[in-house]
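S.K.: Starting off with a structure, shown below.
The values are calculated or read from the model by the stated rules, or taken from the named source; none is laboratory data. Owing to the predicted nature of the structure, the values given are computational and were not obtained by experimental measurement. Because the Cβ atoms are built from the backbone with ideal geometry, glycine has one as well, and the counts that use them run over all protein chains shown. The accessibility values were calculated without ligands, DNA or RNA, using every heavy atom of the protein model including side chains. Shrake-Rupley method; radii C 1.70, N 1.55, O 1.52, S 1.80 Å.
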Number of protein chains: 2
Amino acid sequence: MINFETSPEKYKHWKLKIDGAVATLSMDVQEDETLADGYKLKLNSYDLGVDIELADAVQRLRFEHPEVKVVLVTSLKPRIFCAGANIYMLGTSTHAFKVNFCKFTNETRCAIEDASRHSGQRYVAALNGTASGGGYELAIACDEIYLVDDGNSAISLPEVPLLGVLPGTGGLTRLVDKRKVRRDRADVFSTLAEGLKGKRAKDWGLIEDYFPTSKFDVEIATRVRSIAEASDTTVAARGITLGPLQVEATADGREYKYVSVKLNREGRYADLTMRAPEADAPRTIEEIEKLGDSYWPLRAFRELDDALLHLRVNELETGLVCVRTTGEAGRVLAIDKTLISLKDHWLIREIILNIARVLRRLDLTAKSFFALIEPGSCFAGSLLELALSADRTYMLNSADEDVSIATSEMNRGALPMSNGLTRLQSRFQAEPEKAEKLFEHTGAFDTDQAEEAGLVTFAPDDLDWDDEIRLAIEERTSLSPDALTGMEASLRFAGPETMDTKIFGRLTAWQNWIFQRPNAVGEHGALTNYGKPTQAQFDYKRT
Amino acid sequence: MINFETSPEKYKHWKLKIDGAVATLSMDVQEDETLADGYKLKLNSYDLGVDIELADAVQRLRFEHPEVKVVLVTSLKPRIFCAGANIYMLGTSTHAFKVNFCKFTNETRCAIEDASRHSGQRYVAALNGTASGGGYELAIACDEIYLVDDGNSAISLPEVPLLGVLPGTGGLTRLVDKRKVRRDRADVFSTLAEGLKGKRAKDWGLIEDYFPTSKFDVEIATRVRSIAEASDTTVAARGITLGPLQVEATADGREYKYVSVKLNREGRYADLTMRAPEADAPRTIEEIEKLGDSYWPLRAFRELDDALLHLRVNELETGLVCVRTTGEAGRVLAIDKTLISLKDHWLIREIILNIARVLRRLDLTAKSFFALIEPGSCFAGSLLELALSADRTYMLNSADEDVSIATSEMNRGALPMSNGLTRLQSRFQAEPEKAEKLFEHTGAFDTDQAEEAGLVTFAPDDLDWDDEIRLAIEERTSLSPDALTGMEASLRFAGPETMDTKIFGRLTAWQNWIFQRPNAVGEHGALTNYGKPTQAQFDYKRT
């Protein structure tokens, strides 16, 4: 079972050093500390274990070190920055694992860009050696890239020429959409196994600059200092510590403080429940800082994040997640109010950004989600997003019991999807004014009102509820899991596209296709044959 | 060998009737008139042959019947509009054929929308019976959809629940992005094998309206008349006839009037040459109308279109197309000038729109393109787009001979890519002003100027030219064809996304992935098992 929780003192592959406004994140991958058997992590190549540490570092920098304005990403290995994802790991992994691995590494790189854009932490890649494949893709997720000019070090995307696959971590999209490299040059670069060195790499816009070995450290330090000094973000007082989540894992599920996951393995679905806080949450920043990582909106969504990652990677046969909430909606709404009123404080900003990221992780999870709204539920404000993220929403229409949902200001832009829209805007593409009009409604929506407002898919009554839910679950889990993945990836993201949706929707889909092709993973495929004395043999039919 | 040329008198599956401003395009698929063996085209299901006729009809309506303002799409079969792509055909086709089939049918539906948007020919789908799968996808490519309410007829997308694949002809994208159906309703509809009948289909925005059988024809006629009368497009005089292309097909290639294709099968590449007109073309609309389909910009790009389709479907192992032009650049530029000055005339408008469509077909072709600019070439104006479409452009830097390229007003917006940008805008994402600044340059660009302007990838000199081109070809054709397809699909479309790019980039990639999955096409896959007594068996791992 893969565990996504870690912390700096447990890191095997990264060193995180904080020096005032500058953090240095150094890659020093330990060859033998692999997540699985059968490969060695040579030349700072990585597997999922390495990336879990990176994701943790990016997350902690935001919460624990808000004073940091520049994150310098570099390597402790001589002459090599990073050789990218380990090929032997890829070659020996299942299709599902490869796909999940790429999705997580992509989310981590998007998180780097999110930190740069919204948290005022700029990332500088100091390539003190060759950055190939995923190594360059890590660099291109940073704001600036500097390459050592030692006569040898290069940047490259050798996936197409050497491995018969795509650079799977956003490289192609970021080449033309982020760095806006001319498409013909991007074509040359992406087919050139040996890559490019300093001068041409700079001329073509693939790096900011290059420096000779003797001057490299000084130049980087100068640049880093200048970014830190130019930073206009107010220096925050002190970070909070992200302690480990308490989770009780059993054969049938996982029990966190505010999140429960119950696996119905035979039925191939999971019940996931999020709980509102057990008491009213504090409303002042001082009290919230004191609570730190046990403040509900931080803790609950960190737990949800861990639960989603667990389901993705460790519970492949779970095809459907039935999402419920329980507790006092009023408490959730009160917290939303606090969050919105304090949103300019760095900690609250980070808590909101984290909720947004976790919800985007949900949107990008290759499982179906049904939200089930029953008596005692609290789909309100930020928890209403769970229902809006779901592929379908069922709300009980009860004559006897109160069932309701509610919006808050948090539904109005604080938690954007990968396409840049709110979930309400995505939902009401046909009637954009409807997304705004909802906020004129006072109080909660009962089932009739919710249906009228377009917020739920079906509203069965007490008599039908159990049967209808049971049938919906049975029907969903009987369908082809692959067709559902492709369908959901298409229906969830209506409207505009962003670099993120291009990476997850387009690039990922092509990579998944290629990851299955005999030319990559067949007996004579390029990925299979990498590092062997035999040559790849291709079926040259172009498709 | 599949032939893409046809004409109404040869149609087997469609009847095209013109009555003033209204054309009726009726589907009446002949079961046994299939393009391959092993299946029957029951219930107005279609194969590529049926769609080639549809594409031809859509094209001819624009050129031959500019007086038509409404195209009524309906069926001559009782109780069935269209059952979509034939499942047995899909089940027995190679992966490459399925992918090419879907690409062509998608292009045809995009051409319908292009005709509606730009040629003032509105499409109305009169569903006089059930429209399932590709049947509903054909309807949703039309502007309006009306369904008969006979107690039985429904619309549906049963691909996910019945076949374990996606609706492959844009259905999912058009549901949420064109008709802007709420995503949860789109989810329900796309997993409901039996589909929806009139009332709910209308409530959910899947159709415009539904009428009882007794009133169906009258209501449709009324609606069609009202669209025709409201049409503000000036009624054009008389169309021109699109005669058959003269092509000499040999074992090694195809020779058209203005286009040559030479296949280098061993090297897995093709040389494609477009020739400028052999004499100055006329400049008045009267002369051009007289020339009709032999007017160079119409003829030459129709030939290019046919050549591209031929290469896609009949020459799968050809992975690279080396594009050259020969002739007087001045003549091409003079024609561009004529086209721009007369662009408000319906015929010139159609000729320009056709060039744009053919170039988009090139952008979407899963083969590499290298443009080779040599002495005697005429990459000018509309032919310069060939170089701008290419993945790379090589231009000879000669001390002795003249080599040049030139822009025209045609490069400035008349020939948009699928992403809505000009090819120059797509090229200069990093420096948008550069795309405009080019037009300040007077006269042609010699090689140095072209390089300086960012218009070519490499400019080898006479000494290096032959070797460099040879090596580039050898290197390109040695790479994994699948990785190249995915790479090119990612690099060619930087910048904004449109419904078209979503269909070709995202939906298609997911469908291609699913088309390979054992859950669809394996021994126990849903597509394989369709219509058999055995049940599909899935590997339920979600990926």
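S.K.: Of the conditions (1) in contact with an Asp or Glu (Cβ under 7 Å, 6 or more places away or on another chain); (2) more than 10 Å from every other protein chain (Cβ to nearest Cβ); (3) within 21 Å of A:A526 (Cβ to Cβ), A:E194 fails just one. Which one is it?
M.R.: A:E194 satisfies every listed condition except (1).
S.K.: Which of the helices (runs of 4 or more DSSP H) contained wholly in the range A:314-413 include at least 1 residues that are modelled with pLDDT of 95 or more, more than 22 Å from B:T191 (Cβ to Cβ) and in contact with a Pro (Cβ under 7 Å, 6 or more places away or on another chain)?
M.R.: Result: A:329-341, A:346-363.
S.K.: Yes or no: the range B:166-186 includes at least one residue that is within 14 Å of another protein chain (Cβ to nearest Cβ), in contact with a helix residue (DSSP H, G or I) (Cβ under 6 Å, 6 or more places away or on another chain), part of a loop (DSSP other than H, G, I, E, B) and among the hydrophobic types (A, V, I, L, M, F, W, C).
M.R.: Yes, the range B:166-186 contains a residue that is within 14 Å of another protein chain (Cβ to nearest Cβ), in contact with a helix residue (DSSP H, G or I) (Cβ under 6 Å, 6 or more places away or on another chain), part of a loop (DSSP other than H, G, I, E, B) and among the hydrophobic types (A, V, I, L, M, F, W, C).
S.K.: Something else about it: Before we move on, is B:T422 at pLDDT below 95 and among the hydroxyl-bearing types (S, T, Y)?
M.R.: Taking the combined requirement at face value, the residue does not satisfy it.
S.K.: Determine whether the range A:207-227 contains at least one residue that is of a type in the set (F, W, Y) and either out of contact with any helix residue (DSSP H, G or I) (no Cβ under 6 Å at 6 or more places or on another chain) or in a helix (DSSP H, G or I) (or both).
M.R.: Within the range A:207-227, one or more residues are of a type in the set (F, W, Y) and either out of contact with any helix residue (DSSP H, G or I) (no Cβ under 6 Å at 6 or more places or on another chain) or in a helix (DSSP H, G or I) (or both).
S.K.: Starting from residues that are β-branched (V, I, T) and open to solvent by 60 Å² or more (accessible area, probe 1.4 Å), keep the ones in the range A:238-276 and report whichever is farthest from A:Y295 (Cα to Cα).
M.R.: Looking at the filtered set, the residue picked out is A:T250.
Each row is one residue, and each column tells you yes or no for (1) more than 21 Å from A:A489 (Cα to Cα); (2) within 14 Å of chain B (Cβ to nearest Cβ); (3) open to solvent by less than 10 Å² (accessible area, probe 1.4 Å); (4) of a type in the set (G, A, S).
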residue: A:R331; (1), (2), (3), (4): yes, no, no, no
residue: A:K337; (1), (2), (3), (4): yes, no, no, no
residue: A:I340; (1), (2), (3), (4): yes, no, no, no
residue: A:I348; (1), (2), (3), (4): yes, no, yes, no
residue: A:R360; (1), (2), (3), (4): no, no, no, no
residue: A:K367; (1), (2), (3), (4): no, yes, yes, no
residue: A:A387; (1), (2), (3), (4): no, yes, yes, yes
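S.K.: Please note which helices (runs of 4 or more DSSP H) are completely contained in the range B:468-522 and include at least 1 residues that are surrounded by fewer than 22 Cβ atoms within 10 Å (Cβ to Cβ) and in contact (Cβ under 8 Å) with a residue 60 or more places away in the chain.
M.R.: The helices (runs of 4 or more DSSP H) meeting that bar are B:518-521.
S.K.: Among the residues of the range A:251-293 satisfying the criterion of being among the hydrophobic types (A, V, I, L, M, F, W, C) and part of a helix (DSSP H, G or I), which is farthest from A:E317 (Cα to Cα)?
M.R.: Ranking the qualifying residues of the range A:251-293, first place goes to A:I285.
S.K.: Filter the range A:450-464 for residues that are more than 12 Å from chain B (Cβ to nearest Cβ) and open to solvent by less than 20 Å² (accessible area, probe 1.4 Å); which is nearest to A:L384 (Cα to Cα)?
M.R.: Ranking the candidates gives A:A450 first.
S.K.: Here is a further query. Would you mind telling me which numbered condition in (1) within 14 Å of another protein chain (Cβ to nearest Cβ); (2) under 15 Å from A:E208 (Cβ atoms) A:T94 fails?
M.R.: For A:T94, the failing item is (2).
S.K.: Hey, another quick one. Can you tell me how many residues within the range B:523-543 are facing another protein chain (nearest Cβ under 9 Å) and part of a helix (DSSP H, G or I)?
M.R.: Result for the range B:523-543: 1.
S.K.: Quick one: how many residues across the range B:373-427 are within 23 Å of B:G505 (Cα to Cα) and not β-branched (V, I, T)?
M.R.: 22
S.K.: Further question on the same structure: Residue check: is A:T92 of a type in the set (S, T, Y) and either closer than 15 Å to A:M499 by Cβ or at pLDDT 95 or above (or both)?
M.R.: So A:T92 does not fit the description; no.
S.K.: Further question: State whether one or more residues within the range B:118-138 are within 19 Å of A:A494 (Cβ to Cβ) and in contact with a Lys or Arg (Cβ under 8 Å, 6 or more places away or on another chain).
M.R.: yes
S.K.: Which residue out of A:I140, A:I145 is of a type in the set (A, V, I, L, M), away from chain B (no Cβ under 14 Å) and touching a helix residue (DSSP H, G or I) at 6+ places or on another chain (Cβ under 6 Å)?
M.R.: After applying the criteria, what remains is A:I145.
S.K.: Can you give me the number of residues within the range A:523-543 that are within 16 Å of A:L163 (Cβ to Cβ), surrounded by fewer than 17 Cβ atoms within 10 Å (Cβ to Cβ) and more than 33 Å from the chain's Cα centre (by Cα)?
M.R.: The total comes to 5.
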